[in-house]
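One structure is given below, encoded as structure tokens.
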Amino acid sequence: MKNNAYSAQHALYLKKIKRNKIFINVTRFAILILFLGIWELCASLKIIDPFITSSPSRVIKTIGELAVGGTLFYHIGITLFETLLGFIIAVVAGYTAAILLWRSQTAKKIAEPYIVVLNSLPKIALGPLIIIWIGTGYSAIIFMTVLVSIIVCIMNTLAGFSSVDPTMLTLMKSMGASKTTTLIKLLIPASLPSLMNTLKVAVGLAWIGSIMGEYIVSRAGLGYLIVYGGQVFKLDLVMTATFILCLLAGGMYAIISLLEKRLTKLY
């Protein structure tokens, strides 16, 4: 009887979780539809100037024009390539740097003020220098993406390592575990939630970095479309490129959330 009662309670709990997930997803979708509907209505009734703010219908029309012209996926592909490559480099390099700094507390204390200063530095100010150092190709944009993202990856990863229970670290040390063993067996699994949060933050920063780089030096990409649209007052093009950026960033966030669920089950 106890097992049956427990099973019924467990089933009820799982059902409640499922309902909550459905509610969250439906609410998210409803908010998006409501926002787009209000935006379209306000533009149609001239409550807002559609020339300045555009509208969902004009955005869809512009997407169709770009697709027919054969440039839509070209610009999306370029920005997506720059963002993904910069994101991967920043995460891998940042995680590696955080591990090296964790292994040496002396190096961490020496590097910490420099990391903080570099993080507070406005990266856009380095744009002209990046062009001189690296050139005007894709490499400059990817470098900007890495520059914007890597410091936060290092700092958040270090914070995740520091949040691990000191008692567990002491236990590993008392058992004679090496730093490498402690890292693999304890720190990486225990700091997994922090790593996932770092990835979520890095997604936004990677998009900021790539678009920032395209603002400075680019002849293609979504950032280029935004700059070009602003220069010739094609604000529908600006809003369209911005809308596509939101979709792509949301897609990357969804992929990382899915990855988080899979890894959480493994650990």
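Since every read-out is calculated from the coordinates, none of them should be taken as a lab result. Values in this document were obtained by computation on a predicted structure and should not be read as measured data. Neighbour counts run over all protein chains shown; Cβ positions are idealised from the backbone, glycine included.
If the stretch 1-48 were replaced by its equivalent ellipsoid, with semi-axes equal to the square roots of 5 times the Cα gyration tensor eigenvalues, what would those be, largest first, whole Å?
Values: eigenvalues 409, 5, 3 Å².
Square roots of five times the eigenvalues give 45, 5, 4 Å.
Quickly estimate the mean residue ellipticity at 222 nm for the chain, helices only: each DSSP H run with n ≥ 4 gives -39500 (n - 2.57), and the total goes over all residues, rounded to 500. If you can, show how the numbers build up before the last one.
Numbers: 12 runs with 222 residues, N = 267.
It comes out at -28500 deg cm²/dmol, rounded to the nearest 500.
When each of the peptides 77-86, 222-231, 62-71 is scored by the mean number of other C-beta atoms lying within 10 Å of its residues, the order from highest to lowest reads 77-86, 222-231, 62-71.
Taking 23 Å as the straight-line reach from the Cα of Lys61, the lysines in range (excluding those fewer than 8 positions away in the same chain) are Lys46, Lys234.
Measuring max minus min along each principal axis, the C-alpha atoms of the stretch 70-153 give extents of 54, 24, 18 Å (largest first). Taking the Cα of Ser178, stepping 7 Å toward and past its beta carbon, and measuring to each backbone N in the stretch 81-99: which are under 20 Å? The answer is 96-99.
Kindly flag which residue pairs out of Lys173/Lys200; Lys15/Lys261; Lys108/Lys185; Lys108/Lys179; Lys21/Lys123 have an alpha-carbon separation exceeding 27 Å in this structure. Please list the in-between numbers first.
Numbers: Lys173/Lys200 32 Å; Lys15/Lys261 18 Å; Lys108/Lys185 22 Å; Lys108/Lys179 15 Å; Lys21/Lys123 39 Å.
Those over the limit are Lys173/Lys200; Lys21/Lys123.
Of His75, His10, the sequence from fewest to most neighbouring Cβ atoms within 10 angstrom is His10, His75.
Placing dummy labels 7 Å off each Cα toward the beta-carbon, the span from Ser162 to Ile124 is 3.0 nm.
Does a label point 7 Å from the Cα of Leu32, set along Cα-to-beta-carbon, have any residues of the stretch 60-83 with amide nitrogen under 16 Å, and which are they? Counting backbone N atoms under 16 Å from the label point, the list is 60.
Residues whose amide H lies under 5 Å from that of Ile48, counting only those 5 or more places away or on a different chain, are Ala43; hydrogens are built 1.01 Å from N in the peptide plane.
Computed from Cα positions, the angle between helix 105-120 and the longest principal axis of the chain comes to roughly 20 degrees.
If the chain between Leu100 and Ser57 were fully stretched, how many nm would it gain, using 0.36 nm times the residue separation less the Cα-Cα distance?
Length gained, Leu100 through Ser57: 10.4 nm.
The Cα-based radius of gyration of the stretch 137-267, divided by its Kirkwood radius, gives an Rg/Rh of 1.16. Residue order for Cys153, Cys246, Cys42, fewest other beta carbons within 10 angstrom first, comes to Cys246, Cys42, Cys153.
Value of Rg to Rh for the chain, rounded to two decimals, is 1.07; Kirkwood radius and Rg both from alpha-carbon coordinates. Would you give the gap between the C-alpha center of the stretch 41-74 and the C-alpha center of the stretch 164-200, rounded to a whole Å? Cα centroid of the stretch 41-74 versus Cα centroid of the stretch 164-200: 50 Å apart. The GNM of the chain, with springs linking C-alpha atoms under 10 angstrom apart, assigns the highest mean-square fluctuation among Ala43, Ala97, Ala11 to Ala11.
I'd like the orientation of helix 72-103 relative to the chain: the angle between its Cα long axis and the longest Cα principal axis, in ° from 0 to 90, rounded to 10. Once rounded, one gets 20 degrees.
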